[in-house]
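> This is the structure I want to talk about, given as structure tokens.
The values are calculated or read from the model by the stated rules, or taken from the named source; none is laboratory data. Everything quoted here is computed from the prediction, not taken from an experiment. Note that we place each Cβ from the backbone using ideal geometry, even for glycine, and neighbour counts take in every protein chain shown. SASA here: full protein model, heavy atoms, side chains in, ligands and nucleic acids out. Shrake-Rupley method; radii C 1.70, N 1.55, O 1.52, S 1.80 Å.
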Amino acid sequence: QVQLVESGGGSVQAGGSLRLSCAASGSTFRRYGMGWFRQAPGKEREFVTAISWSGETTYDADSVKGRFSITRDNAKNTVHLQMNSLKPEDTAVYYCAAGWVVAGTGEYDYDYWGPGTQVTVSS
């Protein structure tokens, strides 16, 4: 079992950057594919980006390609989401998730979820 906790959220102006982190407990972290999802007010949760257990495979949603990047450090049981050129439409609660997938894009691919961290981008 894996427990996940996100950090690094906050408020930023459009065009700015934030780096989210997801700390995982458990010795099996390196076996899991990891993903980031987000949920804006009044909207369904949506896929943002994912990374395979080895870090060799990543997959980004079209809405964040070229702006966001996901990395992981298996030695430190952490996953990071670097967010650049932020837009007001990126405002959401961001969740990290772990699952037995390579780089899944669906919520059903993931078994473990963090509580989320708020990101607010002002224009």
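> Restricting the search to the stretch 18-58, which residues are free of Cβ contacts under 8 Å to residues at least 60 places away in the same chain, of a type in the set (D, E, K, R), within 19 Å of TYR94 (Cα to Cα) and in a loop (DSSP other than H, G, I, E, B)?
LYS43, GLU44
> Another question about this same structure. So for the stretch 99-118 (the condition being within 13 Å of the chain's Cα centre (by Cα), under 20 Å from VAL12 (Cβ atoms), open to solvent by 70 Å² or more (accessible area, probe 1.4 Å) and not charged (D, E, K, R)), does at least one residue qualify?
yes
> Could you tell me how many of the residues in the stretch 82-123 are under 26 Å from THR28 (Cα atoms) and either in a loop (DSSP other than H, G, I, E, B) or of a type in the set (S, T, N, Q) (or both)?
Here the count works out to 14.
> As an exercise: evaluate VAL79 against (1) within 18 Å of VAL2 (Cα to Cα); (2) in a loop (DSSP other than H, G, I, E, B); (3) in contact with a strand residue (DSSP E or B) (Cβ under 8 Å, 6 or more places away or on another chain); (4) of a type in the set (A, V, I, L, M) and give the number of the one condition it does not meet.
Looking at each condition in turn, VAL79 falls short on (2).
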